[in-house]
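**Student:** Below is one structure. I have some questions about it.
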There are 2 protein chains.
Amino acid sequence: MPRPDDDATAGARRGAGRPRSRVLSRRLILETGLRLMDARGDGGVGIRAIAGELGVQPSSLYNHVSGRDDLIAGVRELISDRIDVAGFDAVPWYDALERWADSYRAAFAAHPSTIALLTVTPLAEGSRTSEMYDAVVRGLVRAGWPEARALSVIVAIENFVLGAALDAAADPDMLDPRTEGRFPAFEAAFAARRESLAALGSAPAEDAYRLGLRAMLSGLRAILSGLRAERGAIGR
Amino acid sequence: MPRPDDDATAGARRGAGRPRSRVLSRRLILETGLRLMDARGDGGVGIRAIAGELGVQPSSLYNHVSGRDDLIAGVRELISDRIDVAGFDAVPWYDALERWADSYRAAFAAHPSTIALLTVTPLAEGSRTSEMYDAVVRGLVRAGWPEARALSVIVAIENFVLGAALDAAADPDMLDPRTEGRFPAFEAAFAARRESLAALGSAPAEDAYRLGLRAMLSGLRAILSGLRAERGAIGR
DNA sequence: ACCTGAACACCGTTCAAGT
DNA sequence: ACCTGAACACCGTTCAAGT
């Protein structure tokens, strides 16, 4: 006769003490956190929410993560894994940067509620994220960017990308003035944009992102040309 | 002989019941929240933290704000009031845009710990906000931007500014690889940036913001020139 | 109308006890 | 080693009672 509290028994209550087979792992906890975050927003990364979803006590998680901050850093790693840095070995730096930015935005736009949380938490040591920065820095320095400026280029684009990812998650009609005649210029611009984008089948957030990224990359190319000229190097 | 629980008596405990003179107001609550946020971070907007600072019970605040969300929206209004759109009536559109972006970021950078919180909560429908958009759209259209594109220009810059504001809220050493030799390019770039910025007395977030904004504005000017040429207008 | 004070349903985290 | 279960110090919010 099988014991009623066997680990394999669905819905059975586990007694105290170490289970015969491990029920948790760091990976399982992080993936559950990301899934819950997508499903129910910021509250999803709660220790208790994840424990509840996994059918364990909240305190059990502390065998695999050191606390809430560690949990958040781990979830970011999961997302960062999908950012594409392969372009830096294949195409010109500005095209690689655009490809990087596009995949960066896509990765976070898929998990909008993580952004504000993740951007404030420091980088975990020796992480996949560090690997990504290393690849992008290499590409920029190879293209002629001064070592001391590379991270500012990266952070500038990151700032824009993360803001754009937040925007992509927001209500498309967020800017609707919902007035008539009180703000003529604003109201006219809103109506004109709606009509113009409807013809193209494009979303407002998409349009602003593409325009902003193109502008920033075009500006960065001009700035790099200036730096090259300063150093007397032959520009391209 | 004065009553020991007189409202005017410093440190005296108030008894139950309506006080003889009002001790709270919405404005006082919001300003205290902003002040505490500056002083002790995200925890400052807590209902209990504000109540403690004002020497009242947590439940007392509910006579003036409807809850935590209302509190946060109110604090944001306080900050947003400092965004400067006056430049659009005084200087070229790109300079006005820079001034607008600077004040936009400064308004939030003055209260760094509010950003992560405020950017998650959707923008409330406020006439002050619509007023701001109306002024910026007017400036852009007057400069030659097509009505249908004006809001994309605005949103692109807003995305960057909000991302930069999030960055300003983060730990300045957030990107510290904290490794030795594992990520040579990344580590070298981090060290070079630190040295270069120390000489200028500038913060990393500041440097990335300025570079990104300059790049974006320069790119936007190029794009507008292209649009003008397309329409056969005389560029400047 | 506006505050107190108690209560309720939540958090994250710690730690002894059990296997 | 890895989980339970109780406990602790927190939250935001509700509501009757008091003036």
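**Student:** Filter the range A:132-147 for residues that are touching a Leu at 6+ places or on another chain (Cβ under 8 Å), at the interface with chain B (Cβ under 7 Å from one of its Cβ atoms) and not aromatic (Phe, Trp, Tyr) and give the result.
**Tutor:** Selection gives A:VAL137 alone.
**Student:** Would you kindly identify the helices (runs of 4 or more DSSP H) lying entirely within the range A:15-115 that contain at least 3 residues that are away from DNA strand C (no atom under 16 Å from the Cβ)?
**Tutor:** In the range A:15-115, A:26-40, A:68-80, A:93-109 are the helices (runs of 4 or more DSSP H) which contain 3 or more residues that are away from DNA strand C (no atom under 16 Å from the Cβ).
**Student:** Out of the residues in the range B:162-183 that are part of a helix (DSSP H, G or I) and more than 7 Å from every other protein chain (Cβ to nearest Cβ), state the one that is surrounded by the fewest Cβ atoms within 10 Å (Cβ to Cβ).
**Tutor:** Looking at residues that are part of a helix (DSSP H, G or I) and more than 7 Å from every other protein chain (Cβ to nearest Cβ), I get B:ALA168.
**Student:** Answer yes or no as to whether B:ARG194 is more than 7 Å from chain A (Cβ to nearest Cβ) and in a helix (DSSP H, G or I). Steps first, please.
**Tutor:** Values: more than 7 Å from chain A (Cβ to nearest Cβ): yes; in a helix (DSSP H, G or I): yes.
The answer is yes for B:ARG194.
**Student:** Taking the criterion of being surrounded by fewer than 17 Cβ atoms within 10 Å (Cβ to Cβ), at the interface with another protein chain (Cβ under 8 Å from one of its Cβ atoms) and closer than 24 Å to B:PHE160 by Cα, would at least one residue in the range A:212-222 satisfy it?
**Tutor:** Yes, the range A:212-222 has at least one match.
**Student:** Only one of these is in contact with a helix residue (DSSP H, G or I) (Cβ under 8 Å, 6 or more places away or on another chain), touching a residue at least 12 places away in the same chain (Cβ under 8 Å) and part of a helix (DSSP H, G or I): A:ALA156, A:ALA188, A:ALA148. Name it. Let's see the steps before the verdict.
**Tutor:** Values: A:ALA188 fails: touching a residue at least 12 places away in the same chain (Cβ under 8 Å); A:ALA148 fails: touching a residue at least 12 places away in the same chain (Cβ under 8 Å).
Only one candidate qualifies: A:ALA156.
**Student:** Hey, does the range A:82-95 have a residue that's at pLDDT 90 or above and within 16 Å of DNA strand D (Cβ to nearest atom)?
**Tutor:** The answer is no; no qualifying residue exists.
**Student:** Which members of the range B:80-103 meet the condition of being buried (at least 19 other Cβ atoms within 10 Å of the Cβ) and without any contact (Cβ under 8 Å) to a residue 60 or more places away in the chain?
**Tutor:** Within the range B:80-103, the subset buried (at least 19 other Cβ atoms within 10 Å of the Cβ) is B:83, B:85, B:87-88, B:93, B:96-98, B:100-101.
Once the filter is applied, which keeps residues that are buried (at least 19 other Cβ atoms within 10 Å of the Cβ) and without any contact (Cβ under 8 Å) to a residue 60 or more places away in the chain, the range B:80-103 yields B:ILE83, B:VAL85, B:GLY87, B:PHE88, B:TRP93, B:ALA96, B:TRP100.
The values are calculated or read from the model by the stated rules, or taken from the named source; none is laboratory data. Because the structure is predicted, anything quoted here is derived from the model rather than measured. Note that each Cβ is placed from the backbone with ideal geometry, even for glycine, and that neighbours are counted across all protein chains shown.
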